[in-house]
Amino acid sequence: MTPFHEIKKVPEVKAVGFRIDASLWNVDTAFSRLYDRAMELKLMFKQPGLGIRRGGIKVPDAFHADYEVLFPLAGETEESVPGVEVVTLPGQEVASFFHRGPYDWIPCTYEKVLDWLRENRYEVAGETREVFLVAPEPHAGGTQDDMLTEIQVPVRKAA
């Protein structure tokens, strides 16, 4: 079964975050650090959090990725904020895919994403975003099986 959902236009987003060398197991720690820093700086942000995979689309390496963790800003902020970057992500057309379950299983979903792009003659037109729609709620009895991540791949039709 394909995780493909739809082709859609995502709007421009101003966000705060930082880049890390990530593994599949430390992305949540990076979001916790970003959350703490944003609270400390009294930044107005909204959820869900976003991740950007740098270096082109491929099946993620479990141990190393050039990755950016971000929270969309809810209000205006300075262009320069100590300890974090303020970035503007462009609006773009994306192919939207959903990954349900533990984040460390996301390489399997990326294999299906790459197959779908090839089979449907789409080219990647930018950096892949991951939108963390549902995180586990351990205090409410949730597990990693409840997680839902949207993978947004900027696309254009291949020539």
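For segment 4-24, name all the residues that are modelled with pLDDT under 90 and assigned to a loop (DSSP other than H, G, I, E, B).
Step one: of segment 4-24, the residues modelled with pLDDT under 90 are 4, 22-24.
Once the filter is applied, which keeps residues that are modelled with pLDDT under 90 and assigned to a loop (DSSP other than H, G, I, E, B), segment 4-24 yields Ser23, Leu24.
Could you tell me whether any residue of segment 25-42 is part of a loop (DSSP other than H, G, I, E, B), surrounded by 16 or more Cβ atoms within 10 Å (Cβ to Cβ) and in contact with a helix residue (DSSP H, G or I) (Cβ under 9 Å, 6 or more places away or on another chain)? Taking every residue of segment 25-42 in turn, none turns out to be part of a loop (DSSP other than H, G, I, E, B), surrounded by 16 or more Cβ atoms within 10 Å (Cβ to Cβ) and in contact with a helix residue (DSSP H, G or I) (Cβ under 9 Å, 6 or more places away or on another chain).
So is Asp36 charged (D, E, K, R), under 18 Å from Phe132 (Cβ atoms) and in contact (Cβ under 8 Å) with a residue 60 or more places away in the chain or not? Can you show your working first?
Working: charged (D, E, K, R): yes; under 18 Å from Phe132 (Cβ atoms): yes; in contact (Cβ under 8 Å) with a residue 60 or more places away in the chain: no.
Against the criterion (charged (D, E, K, R), under 18 Å from Phe132 (Cβ atoms) and in contact (Cβ under 8 Å) with a residue 60 or more places away in the chain), Asp36 does not qualify.
Within segment 46-93, the only residue that satisfies the criterion of being among the aromatic types (Phe, Trp, Tyr) and at pLDDT below 90 is Phe63. Screening Glu12 with (1) more than 16 Å from Ile106 (Cβ to Cβ); (2) touching a Phe, Trp or Tyr at 6+ places or on another chain (Cβ under 6 Å) gives one miss only, at (2).
Whether any residue in segment 50-72 is β-branched (Val, Ile, Thr), outside any strand (DSSP E or B) and farther than 30 Å from Phe4 by Cβ is what I want to check. Taking every residue of segment 50-72 in turn, none turns out to be β-branched (Val, Ile, Thr), outside any strand (DSSP E or B) and farther than 30 Å from Phe4 by Cβ.
For Phe132, indicate whether it is surrounded by 16 or more Cβ atoms within 10 Å (Cβ to Cβ), modelled with pLDDT of 85 or more, of a type in the set (A, V, I, L, M, F, W, C) and farther than 23 Å from Ile7 by Cβ. When the stated conditions are applied, Phe132 does not pass them. Which residues, taken from segment 106-119, are over 15 Å from the mean Cα position of the chain (by Cα) and among the hydrophobic types (A, V, I, L, M, F, W, C)? Passing the criteria: Cys108, Leu114, Trp116, Leu117.
The values are calculated or read from the model by the stated rules, or taken from the named source; none is laboratory data. This structure is a prediction, so every number in the text was calculated from the model and none was measured. We place every Cβ from the backbone using ideal geometry, glycine too, and count neighbours over all the protein chains shown.
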